[in-house]
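Chemist: First the structure, which I've put down as structure tokens, then a few questions once you've had a look.
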Amino acid sequence: MNVTETKLKGCFILEPAKYDDSRGYFFESFNEQTFNKLTGTRTHFVQDNQSYSTRGVLRGLHTQSGEHAQAKLVRVLQGEVLDVAVDVRPDSSTFGQHVAIKLSEDNNLQLFVPRGFLHGFVVLSDVATFFYKCDNFYNKASECGVHPLDKDLGVDWEIPLEDIILSEKDKEALSFKEKFKS
């Protein structure tokens, strides 16, 4: 497995070693010992989540705060998405900056999003099945987010705005400046 740290400290791109033959392919998508060794973390995942969405669906930008904060290891089982992580750690030198990476069933890339980050993705293919591991249990009262189309964040979602489909919750979310006043 190749692991590359992004410009945001603690946020990693993982590329598993894939073995192809006449029968198909095999790769190890997760091994806790290998993951912790290569990332230098002590992450233990406790919950798996999966979503299915159609082209243009944008889910995010979300996080959980306080004792319910979550790190996530995300990947795509079917289709392609543009996955985005935004650093909202108050003391971070990259506070307010983001990384964006295409995750697909073809590239098998994964993104590790540490605690203290907003996270979201938009579906670029006709459909996508998105899968992620969390290191803490979901807690509705700790959920928060910002409007994913906030121009101050500067995220290029790589899809025309008129094709983006948001939930009512995300349409009504605060801007980054409103949510994370410095």
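Chemist: Do any strands (runs of 3 or more DSSP E) entirely within segment 19-109 hold 2 or more residues that are touching a helix residue (DSSP H, G or I) at 6+ places or on another chain (Cβ under 9 Å) and closer than 28 Å to Val127 by Cα, and if so, which?
Modeler: 58-64, 80-87
Chemist: Then there's this: Do we have Asp152 as at pLDDT below 95 and of a type in the set (Asp, Glu) here?
Modeler: yes
Chemist: Separate question: Across segment 143-180, what is the total count of residues that are at negative phi and part of a loop (DSSP other than H, G, I, E, B)?
Modeler: 18
Chemist: Oh, and also: Go over the candidates Leu103, Leu82, Leu118, Leu73 one by one and state the one that is of a type in the set (A, V, I, L, M, F, W, C), crowded, with 16+ Cβ neighbours inside 10 Å and without any contact (Cβ under 8 Å) to a residue 40 or more places away in the chain.
Modeler: Criteria check complete, one pass: Leu103.
Chemist: What are the pairs with Cβ atoms under 6 angstrom where one residue, in segment 1-12, is free of Cβ contacts under 8 Å to residues at least 24 places away in the same chain and surrounded by fewer than 13 Cβ atoms within 10 Å (Cβ to Cβ) and the other, located anywhere, is part of a strand (DSSP E or B) and not β-branched (Val, Ile, Thr)? Sequence gap at least six, or different chains.
Modeler: Close Cβ pairs (under 6 Å, with a partner that is part of a strand (DSSP E or B) and not β-branched (Val, Ile, Thr)) amount to Asn2/Glu15.
Chemist: The conditions are (1) within 21 Å of Gly66 (Cβ to Cβ); (2) surrounded by fewer than 18 Cβ atoms within 10 Å (Cβ to Cβ); (3) without any contact (Cβ under 8 Å) to a residue 60 or more places away in the chain, and Asn139 fails exactly one of them. Which is it?
Modeler: (3)
Chemist: Right, here's the next one. Inside segment 142-158, can you point out the residues that are farther than 23 Å from Gln47 by Cα and either of a type in the set (Lys, Arg) or surrounded by 17 or more Cβ atoms within 10 Å (Cβ to Cβ) (or both)? Give the derivation first.
Modeler: Keep residues of segment 142-158 that are farther than 23 Å from Gln47 by Cα, which gives 146-158.
Hits for segment 142-158 are Val146, His147, Pro148, Leu149, Asp150, Lys151, Leu153, Val155, Trp157.
The values are calculated or read from the model by the stated rules, or taken from the named source; none is laboratory data. On a predicted model such as this, the values are computed, not experimentally measured, just so you know. When we count neighbours, we look across all protein chains shown, and the Cβ atoms used for this are built from the backbone with ideal geometry, even at glycine.
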